[in-house]
1. When you check R131 against the structure, is it under 23 Å from L415 (Cα atoms) and open to solvent by 70 Å² or more (accessible area, probe 1.4 Å), yes or no?
2. Can you tell me which residue in the stretch 1-34 is nearest to the chain's Cα centre (by Cα), limited to those that are of a type in the set (V, I, T) and surrounded by 10 or more Cβ atoms within 10 Å (Cβ to Cβ)?
3. Considering E414, E420, which residue is open to solvent by 30 Å² or more (accessible area, probe 1.4 Å), in contact (Cβ under 8 Å) with a residue 12 or more places away in the chain and charged (D, E, K, R)?
4. If a residue must be open to solvent by less than 10 Å² (accessible area, probe 1.4 Å) and within 8 Å of the chain's Cα centre (by Cα), how many such residues does the stretch 423-432 contain?
5. Does A280 satisfy being in the same structural domain as G394 (by TED's automatic domain parsing), within 25 Å of the chain's Cα centre (by Cα) and modelled with pLDDT under 90?
6. Which of (1) assigned to a helix (DSSP H, G or I); (2) touching a helix residue (DSSP H, G or I) at 6+ places or on another chain (Cβ under 7 Å); (3) not acidic (D, E) is the odd one out, the single condition S253 does not satisfy?
7. For R325, indicate whether it is charged (D, E, K, R), surrounded by fewer than 16 Cβ atoms within 10 Å (Cβ to Cβ) and in contact (Cβ under 8 Å) with a residue 40 or more places away in the chain.
8. Return the residues of the stretch 290-322 that are within 24 Å of the chain's Cα centre (by Cα), part of a helix (DSSP H, G or I) and surrounded by fewer than 21 Cβ atoms within 10 Å (Cβ to Cβ); say none if nothing qualifies.
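The values are calculated or read from the model by the stated rules, or taken from the named source; none is laboratory data. All figures in this text were calculated on a predicted structure; none of them were measured in a lab. Positions of Cβ are generated from backbone atoms using ideal geometry, with glycine treated the same way; all protein chains shown enter the neighbour counts. Each accessible area value is taken on the protein alone, full model and side chains, heavy atoms only, with ligands, DNA and RNA left out. Shrake-Rupley method; radii C 1.70, N 1.55, O 1.52, S 1.80 Å.
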Amino acid sequence: MSISIEQRRQHRLMTIEKSLAKRHRKENVFRRLGLMAVITGMTLVAILFASILMRGVPAFWQATFYVDVYFDPEVIELEPKPERESGESQFAFNERYTQWMTRAGLVNWQALIDRAVEDALGEEIEPRQLRDLRALVTSGERYALRDRFVEDPSLLGQTVELKMLASANVDVWIKGNIDRDLPDARQQLSAQTRAWADQLDEQGVIRNAFSTSLFLNTDSRSSLASAGLAGAFMGSLFMMMVVITLSVPLGVSSAIYLEEFAPKNRLTDLIEININNLAAVPSIVFGLLGASIFIGYLRLPLSAPLVGGLVLTLMTLPTIIIATRASLRSIPPSIRQAALGIGASRVQTVFHHVLPLALPGILTGSILGVAQALGETAPLLLIGMNAFVANVPGTPLDQSTALPVQIYLWQGNELRNFFEARTSAAIIVLLGLMLSLNALAIWLRKKFETRW
């Protein structure tokens, strides 16, 4: 039985409709899977950030004593702070001042803190309870009290309300980061110290205050509550200065030469392949290379930001070169042809026409490369930047650590109840810096895109 033309037409239409419906179903499934992937990724990132914020934000506030401290002249037996006399040489004055500072360091500043806390408790402390009393305030506060008096000797004989950090164990106890039902043998504080901490907390002598010490102090092993990020922050700052000074000019210049001026031959192909391979090399390999060359061969100082910056420069160069070349390739060839057509030289074409148009991409790639270097830890461990350094570095040649390494050191501290939150706070600071660099990259891209 023959099939009419109309039937064949209807059959063809039905086949096409089924095919289109099948393609539309596949497209919808693919779009839904893509949307689910994006939502899943964003959810996981949100969970990560939420967990870090929940743990780290409370660490920005720390248990702090608000007590009246009496600078007792009977305890502080010091003559007035020396001043340079007329006709006195600088050497003689420095010698007198050093002797005065030495005597100031020998003053029993802890006795002033003990008396202030004792007055806040409103009871007389027996000698056998002195150890329990001193467990309330972190040990570094006696040095802070000394420095305050050295800065202002007129405090002698005065009573001043001061803020002093509670010890790390007291901070943990007040915030409830330790189980209060644990037996005394498993508690970090004695029963007497815990009772005094609760009493002072109820009286308002101990309050949660914003922790400036987290930003202004260096790391500390004797006074854990006053440990801060100042040294690590300055170390990272010096390293980033070295990275920006070296990697950005070298990387951009190399990319411009390879993309615009270098002849296309086997040598340049080999260089391009090696650059792409270096971008995929694990960062710890650059640490081994830096330890071998900069420390082993060139004898540069161990744990110095200069060495860390050089290692991170080697790691960042391939990323900047690749990003810069991609930006240069994105410029249409017609720009180059038009510039050459009106008589511009090759150099003028590149620097007057191509480079300004590629600048947003170049800046974005460079800043993202620097931001990646800011968060690196493995290469810095191999050049000794995980050493304990209690001073803020004054130059790139001074010993220092870095923010990622400080996070690594804190997360391994045995007092986990205290440093777990402090580690998350340091991560927040590091993420804040990295997000700021990323925001700067986006702003520069928008600025130069609008301009050109």
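1. Judged against the criteria, R131 is a match.
2. Only one residue fits best here, namely V29.
3. E420
4. Going through the stretch 423-432 one residue at a time, the tally reaches 1.
5. Against the criterion (in the same structural domain as G394 (by TED's automatic domain parsing), within 25 Å of the chain's Cα centre (by Cα) and modelled with pLDDT under 90), A280 qualifies.
6. Looking at each condition in turn, S253 falls short on (2).
7. no
8. A291, L306
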